[in-house]
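Working notes for the structure below.
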Amino acid sequence: MNIMIPYLNNKNDDPCHIPMTKPSITNREISYVNDAIKNGWGSNRNNYIEEFEKSFTDEIDIKYGLPTSSCTGALHLGLAALGVGPGDEVIVPESTWIASVAPIVHLGAKPIFVDILKESWCINPSLVESAITSKTKAILCVHLYGNLCELNQLMNISTKYNIPLIEDSAEAYGSYYLNKHAGTFGTFGVFSFHGSKTISTGEGGIIVTNDEEIYKKVKILNDHGLDRQFDKQYFPSQLGYKFKMTNIQAAMGLAQVERSQEILDKKIEIMKFYKNYFSDYNSISFNHENIGNKNSFWLPTALFKNKKNFCISGLIRDFQSQNIDARSFFWPLSSLSFFQSNKKNNVSRDIPKRAINLPSFHDITEGQLLKICSILENKVQEIEA
């Protein structure tokens, strides 16, 4: 009997198409996932989850981790464990994806948007401190595109005011701040394993922490509020959630962590290619990396020095006409209709008008990179003419 596999027989799949990102899949991932499908049931239902959790936490050198169905779910659990709720405020950067802020709103709290730094595109610590009020429950920093926040300054603020610092490291796996992995500084950190991220479980996330109490709380919250240290079965101690990762997803994740250095090395190689190609041009720059830090460069981002003769939507159309994916910089969240506008955050409003994210994935070829650079170079030459 012939079994139809529609995705493998997709006639619309264009081999000339250059995507933004995609996971790197080898026989190791396929083997682990097949094993989880065949054998990961009953008493084996958590084997890969436990191995993935241990492998990931060992890799980034942190005590505890809880794999989840998404990074958004991981953030939701962590915020709930901190007691974030109605009447509270959480300080967040203007420039990030909505997933960083949605759990705050769903828990009934209010996000307070502050501007970003011009160089790193991450939250501005001095503005964080000025935004603190008696209602501030937490500070959320986002390591954007692999770029690192000013963690020493943010930790000092956190300690000074006794306010938890949360690290959204969804895009920063492999980034190190002074030899310590992103996501391991604050009260807790979260990572994404979406199909677009550096390592992937298809969809998924993890919350990590060195705080045993936070870890215990999120474990209970993520099991419908069931505290398994009690003998009474199916009797939740509180109303919880279910943001669980599956054993099958974790099988893929384990294989990815085992190959992580290879994958990360390729990300850095791609970023170097873009930077070297445009090294003689003055009108364009790329992701920032401070001395002493290591940027994993999840998404290479080209930033034009001014908006003259530049239209982001037009440049994206130029890429699309050549079957290449490109995407805009994150637009400021306070510009969305369901948030109160904050036009004082000038950097967050300026950068999206002159920045573009470029493709980066493990098996991208030199020919594909040259094609991408050629289109971008046309725009650079037009601006510098």
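The values are calculated or read from the model by the stated rules, or taken from the named source; none is laboratory data. Note that the structure is predicted; figures quoted are calculated from it, not measured. Cβ atoms come from the backbone with ideal geometry, glycine included; neighbour counts cover every protein chain shown.
Before moving on, here are some points about what is shown:
- Flag for GLY83 being outside any strand (DSSP E or B), touching a Gly at 6+ places or on another chain (Cβ under 8 Å) and on the phi > 0 side of the Ramachandran plot: no
- Number of residues in the range 290-341 that are of a type in the set (Ser, Thr, Tyr) and touching a strand residue (DSSP E or B) at 6+ places or on another chain (Cβ under 9 Å): the value is 5.
- Within the range 206-256, the set of residues being in contact with a helix residue (DSSP H, G or I) (Cβ under 8 Å, 6 or more places away or on another chain) and among the acidic types (Asp, Glu) comprises ASP227 only.
- Residue match in the range 185-195 (condition: farther than 18 Å from TYR64 by Cα and at pLDDT 95 or above): yes
Residue by residue, here is whether (1) at pLDDT below 95; (2) under 27 Å from the mean Cα position of the chain (by Cα); (3) among the hydrophobic types (A, V, I, L, M, F, W, C); (4) part of a loop (DSSP other than H, G, I, E, B) holds:
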position: ASN309; (1), (2), (3), (4): yes, no, no, yes
position: ILE316; (1), (2), (3), (4): no, yes, yes, no
position: PHE319; (1), (2), (3), (4): no, yes, yes, no
position: PHE338; (1), (2), (3), (4): yes, yes, yes, yes
position: VAL347; (1), (2), (3), (4): no, yes, yes, no
position: PRO359; (1), (2), (3), (4): no, yes, no, yes
position: LEU369; (1), (2), (3), (4): no, yes, yes, no
position: GLN381; (1), (2), (3), (4): yes, no, no, no
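- Number of positions in the range 248-306 that are assigned to a loop (DSSP other than H, G, I, E, B) and either surrounded by 22 or more Cβ atoms within 10 Å (Cβ to Cβ) or basic (Lys, Arg) (or both): 9
- Filter pass, ALA81 being out of contact with any strand residue (DSSP E or B) (no Cβ under 6 Å at 6 or more places or on another chain) and surrounded by fewer than 21 Cβ atoms within 10 Å (Cβ to Cβ): no
- Taking the conditions (1) more than 18 Å from ALA102 (Cα to Cα); (2) buried (at least 17 other Cβ atoms within 10 Å of the Cβ) in turn, PHE230 satisfies each one other than (2).
- Yes/no for LYS353 being over 21 Å from MET271 (Cα atoms) and more than 24 Å from the chain's Cα centre (by Cα): no
- Residues of the range 142-170 satisfying the condition of being part of a loop (DSSP other than H, G, I, E, B) and within 29 Å of THR301 (Cα to Cα): HIS143, ASN147, LEU148, CYS149, GLU150, SER169, ALA170
- A single member of LEU221, LEU303 is in the same structural domain as PRO103 (by TED's automatic domain parsing) and either more than 20 Å from ALA182 (Cα to Cα) or not aliphatic (A, V, I, L, M) (or both), and it is LEU221.
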